[in-house]
Amino acid sequence: MSTSYATKPDAGLKALRTLYFVRFGFAVVWAVLMMGIGKTINPGTVVLLLIYPLFDVAAAVVDFRTSGATRPKAPLYANMALSLLTAVGLGVASASGIPAVLRVWGAWAITAGVVQLIVAILRYRLGGQWAMILSGGISVLAGGSFVVMAGGPKASLASVAGYAILGGVFFLISAVRLHRLTSKAN
């Protein structure tokens, strides 16, 4: 029998902490792979491009199912929808080249950043969310830079790898802060 968040408050925090640690690990591995093969659009690059937003959907589903009372329903649904649309958009854009991919990635970074800001602000009382607030704001700015980069001569997928690593670091910071909070509570 599972314990719901409502009956055991730190269970939801522990699940969120674990999710953040997993997201950090995924982001680093994904970024290293992208830096290794992402010089051009090729089948491996396309797979990596699709995996990232699909992983984001899976993470949002896990977040939704485990966060109980801290679950901001509408923003998490919005995140799932945006990430699914992004996977489709990246699949289509990859046939047109790196600039098209950067435009789709940029639009996703902007919209997902706004959603991340909303979720983090709604969860602020839990603690450990300031890094998520900062990450959401940076995501919006980074998204704009991807769109601008797409129109320039130096369009590169290396920038999305750097974006993933930075986002992963913010997840790690939040995971560590949540770990400290749950350790103090016990």
Considering Val169, Val160, Val119, which residue is in contact with a helix residue (DSSP H, G or I) (Cβ under 8 Å, 6 or more places away or on another chain), under 16 Å from Phe24 (Cα atoms), buried (at least 21 other Cβ atoms within 10 Å of the Cβ) and of a type in the set (Val, Ile, Thr)? Val160
Test each condition in (1) farther than 25 Å from Asn42 by Cβ; (2) within 13 Å of the chain's Cα centre (by Cα) for Leu141 and report the one that comes out false. (2)
If I filter region 123-138 down to residues being assigned to a helix (DSSP H, G or I) and crowded, with 17+ Cβ neighbours inside 10 Å, which single residue comes out as farthest from the chain's Cα centre (by Cα)? Leu126
If you check every pair at least six apart or on different chains, which have Cβ atoms under 6 Å apart with a residue in region 53-64 that is over 11 Å from Leu19 (Cβ atoms) first and a residue that is open to solvent by less than 20 Å² (accessible area, probe 1.4 Å) second? Pro53/Ser83; Pro53/Thr86; Pro53/Ala87; Leu54/Ala87; Asp56/Ser83; Val57/Ser83
Mind checking which residues of region 143-157 are open to solvent by less than 20 Å² (accessible area, probe 1.4 Å) and assigned to a helix (DSSP H, G or I)? Gly143, Phe146, Ala150
Taking the condition over 16 Å from the mean Cα position of the chain (by Cα) and either closer than 21 Å to Leu33 by Cβ or modelled with pLDDT of 85 or more (or both), does Val147 pass? yes
Quick check: is even one residue across region 62-78 outside any helix (DSSP H, G or I), more than 26 Å from Leu181 (Cβ to Cβ) and open to solvent by 70 Å² or more (accessible area, probe 1.4 Å)? no
Name the single residue, out of those in region 1-28 being of a type in the set (A, V, I, L, M, F, W, C) and more than 16 Å from Ala175 (Cβ to Cβ), that is modelled with the highest pLDDT. Ala6
So, in region 19-61, exactly how many residues are crowded, with 16+ Cβ neighbours inside 10 Å and polar (S, T, N, Q)? 1
Filter pass, Ser94 being open to solvent by 10 Å² or more (accessible area, probe 1.4 Å), hydroxyl-bearing (Ser, Thr, Tyr) and modelled with pLDDT of 95 or more: yes
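The values are calculated or read from the model by the stated rules, or taken from the named source; none is laboratory data. All values derive from a computational prediction rather than experimental measurement. Methodologically, a virtual Cβ is constructed for each residue, glycine included, from the backbone with ideal geometry; neighbour enumeration extends over all protein chains shown. The area values use the complete protein model at the heavy-atom level, side chains included, leaving out ligands, DNA and RNA. Shrake-Rupley method; radii C 1.70, N 1.55, O 1.52, S 1.80 Å.
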